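Chemist: Dropping a structure here in structure tokens format, bear with me for questions.
The values are calculated or read from the model by the stated rules, or taken from the named source; none is laboratory data. Note that the coordinates shown come from a computational prediction; the quantities given were computed from them, not determined experimentally. Note that each Cβ is placed from the backbone with ideal geometry, even for glycine, and that neighbours are counted across all protein chains shown. Surface areas here come from the heavy atoms of the whole protein model, side chains and all, with no ligands, DNA or RNA. Shrake-Rupley method; radii C 1.70, N 1.55, O 1.52, S 1.80 Å.
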Amino acid sequence: MKKIFIFSIIVIFLVMFYTFSKNSFSLPKNNVIPNDNYEKAYVNSFTIYGRFFNLEGFISDKVDNLILVLKNDLSEDEYNLITNYDNEQTNFKTNDLINTGINLENILEGEYTILLKTIKEEDTIYYNLINQTKYSNLEYYTLTKNNSNNKIDITFNNYLTLTNKKTKLPSDYYDIIIDPGHGGKDVGANKNGYYESKINLEYATKLKNSLESIGYKVKLTRDKDITLPNYGDNSRVSVPYETKAKLMLSIHQNSGVGQINQGGFEVYVVNHTNYDFGNILVKNIQKYTSSPISKNVSYKIAPGVYLRTLNQNDLEEIKKDALKNNYIPYEKATLDSTYYFMIREVGGIITNSYVDLRNLEKPGNIYYDSNHGTEAYLLELGYMNSTSNLKIILEEKDKFVEAITTSVKEYLENN
Ligand SMILES: [Zn+2]
């Protein structure tokens with residue numbers, strides 16, 4: 001009896017300690033408020049692309065060993081910056097490639113002030129960040145893990161703050177969007193009575209179920225054989241923005257003259273990204289399916305990985321279209337812009353989205369100047385015009401889905 005009593009006391013004590021520590025220790029209060037004694041650093045871009053928060057700016061002085069800190073009463077987490085000194089100012093940025101930078105999935109719960117810092121002759125000098133953009137906040141929901149999510153608010157007032165706390169993911173927000181290419185009147189490629197639009201939908205549905213089975217919250221841009229508009233309400237491009245998705249995969253089947261004998265898999269990436277996800281996909285598709293890697297060399301940047309940007313001719317067509325429809329061509333469509341609209345237009349200002357509302361004849365991309373974008377890839381699973389490749393596309397759906405699911409998990413958990 002006495003033993004049970006002591007045991008109960010210990011259990012009660014442990015429960016109380018756990019509750020207390022959860023409430024008090026893991027959510028440090030933030031009393032770091034920059035005052036006039038702080039030096040100043042000016043921010044001209046702050047964005048989220050996929051899981052990555054990034055900012056860019058300058059200091060009107062030469063500063064060495066500049067780092068970024070997330071600071072509160074208990075901790076100071078440091079992040080490297082890329083800097084260069086030019087024209088009397090130190091320019092700084094948190095990333096080189098848009099799918100790198102500060103991974104929001106790795107930030108501990110709490111409240112922070114974001115500052116820059118340097119150490120000069122043993123003195124620590126802090127720089128307060130001054131907003132020079134038209135944006136004032138960002139809102140991020142972490143990927144669903146064990147049915148649980150966190151919400152991160154990044155707010156720019158007199159200084160930049162970040163808060164990260166547990167939350168319930170709103171019902172209309174998702175982790176991943178799968179876009180079955182084409183649909184309805186637009187059938188895409190076809191061969192022997194098989195239509196790309198229907199194959200894409202079948203793949204996308206299987207992939208959604210598979211990703212949900214490992215815990216992600218997934219939505220399709222279309223779940224029926226319908227003609228889906230590219231822009232406007234509930235369109236292909238709006239869904240990733242409106243659902244705050246971290247990753248978007250657009251599923252397609254290819255067709256072309258050069259590859260009829262063999263065919264093969266191709267993944268198209270956005271400009272200024274690393275190819276980690278593309279490389280992981282290629283590795284797993286080779287492992288799980290009998291699909292060859294495409295022999296196509298146009299726009300190839302690594303085996304099976306492709307990057308197509310706008311060329312001079314594309315730019316002239318864009319200008320012509322603008323003149324015809326009486327609006328000013330968007331100067332951010334350059335030779336640097338990604339060619340495929342679906343992976344370009346869901347990235348907001350980070351990928352130079354440009355289909356804006358100046359074209360009044362049809363609805364444009366109302367999110368073209370969003371500072372929050374979805375990381376996107378376009379997957380051409382195989383060439384339908386190749387008989388042997390079509391056979392693989394039709395017979396190895398589950399194997400492809402397993403390869404893509406494994407790749408998504410690997411990429412989102414480790415990169
Ligand atoms: Zn297609």
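Chemist: Just to be sure, is GLY193 within 28 Å of LYS391 (Cβ to Cβ) and open to solvent by less than 10 Å² (accessible area, probe 1.4 Å)?
Modeler: When the stated conditions are applied, GLY193 does not pass them.
Chemist: Given the structure, is GLY215 farther than 21 Å from TYR49 by Cα and either in contact with a Pro (Cβ under 6 Å, 6 or more places away or on another chain) or buried (at least 20 other Cβ atoms within 10 Å of the Cβ) (or both)?
Modeler: It is false that GLY215 is farther than 21 Å from TYR49 by Cα and either in contact with a Pro (Cβ under 6 Å, 6 or more places away or on another chain) or buried (at least 20 other Cβ atoms within 10 Å of the Cβ) (or both).
Chemist: Looking for whichever is more than 16 Å from the ligand (Cβ to nearest atom), under 25 Å from MET248 (Cβ atoms) and open to solvent by 10 Å² or more (accessible area, probe 1.4 Å) here; the options are ASP186, ASP153. Which one fits?
Modeler: When all the criteria are applied, what remains is ASP153.
Chemist: Right, something else. Against the condition part of a loop (DSSP other than H, G, I, E, B), touching a helix residue (DSSP H, G or I) at 6+ places or on another chain (Cβ under 8 Å) and more than 16 Å from the ligand (Cβ to nearest atom), how does TYR367 come out, does it pass?
Modeler: For TYR367, the condition - part of a loop (DSSP other than H, G, I, E, B), touching a helix residue (DSSP H, G or I) at 6+ places or on another chain (Cβ under 8 Å) and more than 16 Å from the ligand (Cβ to nearest atom) - is met.
Matching residues to (1) part of a strand (DSSP E or B); (2) closer than 15 Å to VAL69 by Cβ:
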| site | (1), (2) |
| --- | --- |
| LEU116 | yes, yes |
| ILE119 | yes, yes |
| TYR126 | yes, yes |
| ILE130 | yes, no |
| TYR135 | no, no |
| LEU138 | yes, no |
| ASN149 | yes, no |
| ILE152 | yes, no |
| ASN158 | no, no |
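Per-residue answers, yes or no, for (1) within 16 Å of the ligand (Cβ to nearest atom); (2) in contact (Cβ under 8 Å) with a residue 60 or more places away in the chain; (3) not in a strand (DSSP E or B):
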site	(1), (2), (3)
LYS165	no, yes, no
ASN200	yes, no, yes
ALA204	yes, no, yes
LYS208	no, no, yes
GLU212	no, no, yes
GLY215	no, yes, yes
LYS219	no, no, no
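Chemist: Looking at SER255, is it open to solvent by 30 Å² or more (accessible area, probe 1.4 Å), within 16 Å of the ligand (Cβ to nearest atom) and assigned by TED's automatic domain parsing to the domain that holds LYS219?
Modeler: For SER255, the condition - open to solvent by 30 Å² or more (accessible area, probe 1.4 Å), within 16 Å of the ligand (Cβ to nearest atom) and assigned by TED's automatic domain parsing to the domain that holds LYS219 - is met.
Chemist: Within segment 86-103, count every residue that is part of a strand (DSSP E or B) and either of a type in the set (Phe, Trp, Tyr) or under 15 Å from VAL63 (Cβ atoms) (or both).
Modeler: Number satisfying all stated conditions: 6.
Chemist: Related question: Would you pick out the residues in segment 333-352 that are open to solvent by 30 Å² or more (accessible area, probe 1.4 Å) and either of a type in the set (A, V, I, L, M) or assigned to a loop (DSSP other than H, G, I, E, B) (or both)?
Modeler: Answer for segment 333-352, where residues must be open to solvent by 30 Å² or more (accessible area, probe 1.4 Å) and either of a type in the set (A, V, I, L, M) or assigned to a loop (DSSP other than H, G, I, E, B) (or both): THR334, LEU335, ASP336, TYR339, TYR340, ILE349, ILE350, ASN352.
Chemist: Next up: Do you know which of the residues in segment 369-389 that are open to solvent by less than 20 Å² (accessible area, probe 1.4 Å) and more than 21 Å from ASN284 (Cβ to Cβ) is farthest from the chain's Cα centre (by Cα)?
Modeler: Among those that are open to solvent by less than 20 Å² (accessible area, probe 1.4 Å) and more than 21 Å from ASN284 (Cβ to Cβ), it is SER386.
Chemist: In addition: Only residues that are under 16 Å from ASP61 (Cβ atoms), surrounded by fewer than 19 Cβ atoms within 10 Å (Cβ to Cβ) and either hydroxyl-bearing (Ser, Thr, Tyr) or not assigned by TED's automatic domain parsing to the domain that holds GLU78 (or both): list them for segment 125-143, please.
Modeler: Result: TYR126, single match.
Chemist: Quick one: in segment 298-332, of everything that is at pLDDT 85 or above and small (Gly, Ala, Ser), which residue is least open to solvent (accessible area, probe 1.4 Å)?
Modeler: Filtering segment 298-332 for residues that are at pLDDT 85 or above and small (Gly, Ala, Ser), the one least open to solvent (accessible area, probe 1.4 Å) comes out as GLY304.
Chemist: Looking at ASN230, ASN234 in this structure, which one is within 16 Å of the ligand (Cβ to nearest atom) and either within 18 Å of THR406 (Cα to Cα) or over 18 Å from the mean Cα position of the chain (by Cα) (or both)?
Modeler: ASN230
Chemist: Among the residues of segment 104-113, is there at least one that is part of a loop (DSSP other than H, G, I, E, B), touching a strand residue (DSSP E or B) at 6+ places or on another chain (Cβ under 7 Å) and among the polar types (S, T, N, Q)?
Modeler: no
Residues checked against (1) assigned by TED's automatic domain parsing to the domain that holds ARG344; (2) of a type in the set (Gly, Ala, Ser); (3) in a helix (DSSP H, G or I):
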| residue | (1), (2), (3) |
| --- | --- |
| LEU228 | yes, no, no |
| TYR231 | yes, no, no |
| VAL239 | yes, no, yes |
| LYS244 | yes, no, no |
| VAL270 | yes, no, no |
| GLY278 | yes, yes, yes |
| VAL297 | yes, no, no |
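Chemist: Would you confirm, using the coordinates I've provided, whether ILE318 is more than 22 Å from the chain's Cα centre (by Cα), without any contact (Cβ under 8 Å) to a residue 60 or more places away in the chain and within 21 Å of HIS272 (Cβ to Cβ)?
Modeler: Answer is yes for this residue.
Chemist: Something else: Surrounded by fewer than 18 Cβ atoms within 10 Å (Cβ to Cβ) and over 30 Å from TYR275 (Cα atoms): which single residue out of LEU108, LEU97, LEU74, LEU115 fits that description?
Modeler: LEU74
Chemist: Right, next: What residue, among those in segment 141-168 that are hydrophobic (A, V, I, L, M, F, W, C) and touching a helix residue (DSSP H, G or I) at 6+ places or on another chain (Cβ under 7 Å), is farthest from GLY50 (Cα to Cα)?
Modeler: Restricting to residues being hydrophobic (A, V, I, L, M, F, W, C) and touching a helix residue (DSSP H, G or I) at 6+ places or on another chain (Cβ under 7 Å), the top hit is ILE152.
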